[in-house]
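Sending over a structure as structure tokens; questions will come in a sec.
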Amino acid sequence: QIKWHLDQGHIVIFISGSPDFLVSKMATKYNATDFIGSTYVFEDGKFNGEVIPMWDSASKNVAINDFVEKYNIDLSKSYAYGDTNGDINMLRRVGNPVAINPTKELLHQISNDENIKDISKIIIERKDLVYQLPSSVDVLDI
């Protein structure tokens, strides 16, 4: 999917709760335009336990606002991909929200949100198969 976006000439930005030093390597590997991840503070040759998070909606909203300004992005034409509830506001802000292997909490948020439930794609990757479900999919609580 990243290759498809790059082939279309899209700006590709990784916004991830993973450590920024890992996100940077993935961004480089996949030729992303830019990235941001959680910052794990490193002092005196070791991590000091302080983390500046990027896994919650509030942090991601700030990052999105910064990237929108930096790259003059039209969010109504943008895509966002998420898998956890920390991604819900990001998905709400774009014209093309996609949940990939979403948590139950995220799937419930999408299916109960009148603004995005009909435009969201729910993509499931399972073994050798990738498929799409409607946001109204029945969730079995077993």
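Of D20, D44, D74, which is the most mobile in a GNM of the chain whose springs link Cα atoms less than 10 angstrom apart?
It is D44.
Shifting gears a bit: With the contact rule set at Cα under 8 Å and sequence spacing of 6 or more, what percent relative contact order holds for the range 33-112?
Here the relative contact order equals 21 percent.
Here's something else I'd like to know. Can you pick out the pairs among K3/K127; K29/K60; K70/K104; K25/K77; K29/K117; K60/K117 whose Cα atoms lie more than 30 Å from each other? Please report the intermediate quantities before stating the final value.
Details: K3/K127 21 Å; K29/K60 22 Å; K70/K104 33 Å; K25/K77 27 Å; K29/K117 33 Å; K60/K117 20 Å.
The answer is K70/K104; K29/K117.
If each residue of separation counts as 0.36 nm, what is the full-extension length gain between E69 and F21 once their alpha-carbon separation is subtracted?
Residue separation times 0.36 nm, minus the Cα-Cα distance, leaves 14.9 nm.
Shifting gears a bit: For the chain, which whole-number percentage of the solvent-accessible area (1.4 Å probe, protein heavy atoms only) is attributable to carbon and sulfur atoms?
Heavy-atom surface of the chain belonging to carbon and sulfur, 1.4 Å probe: 51 percent.
All other residues with a Cβ under 12 Å from the Cβ of D83 taken together, and with Lys, Arg as +1 and Asp, Glu as -1, what is their net charge? Intermediate results must be reported in sequence, preceding the final value.
Working: positive: K104; negative: D87, E105, E125.
Local charge sum for D83: -2.
Sticking with this structure for a sec: Give me the accessible area per residue for the chain, probe 1.4 Å, as a whole number in Å². Let's see the in-between values first.
On the way: 9200 Å² over 142 residues.
Here the per-residue accessible area is 65 Å².
Hey, another quick one. By the gyration tensor of its Cα atoms, with a ≥ b ≥ c the square roots of the eigenvalues, what is the shape of the chain: rounded for a/c under 1.5, prolate for a/b over b/c, or oblate?
It comes out prolate by the Cα gyration axes.
Using a simple charge model, +1 on the beta-carbon of Lys and Arg, -1 on the beta-carbon of Asp and Glu, nothing else, what dipole does the chain show about its Cα centre, in debye to the nearest 20?
380 debye
Follow-up question, since we're still on this one. Between the range 81-135 and the range 44-75, how far is it from one alpha carbon centroid to the other, in angstrom?
The range 81-135 and the range 44-75 have Cα centres spaced 21 Å from each other.
If each of S136 and K3 carries a label point 7 Å out from its Cα toward its Cβ, how far apart are those two points in nm?
Label-label distance for S136 and K3, simple model: 3.5 nm.
The values are calculated or read from the model by the stated rules, or taken from the named source; none is laboratory data. Keep in mind that this is a model prediction, so the values were computed, not measured. Counting neighbours? That spans all protein chains shown, and the Cβs are built from the backbone with ideal geometry, glycine included. Keep in mind that these areas ignore ligands, DNA and RNA; they rest on the heavy atoms of the full protein, side chains included. Shrake-Rupley method; radii C 1.70, N 1.55, O 1.52, S 1.80 Å.
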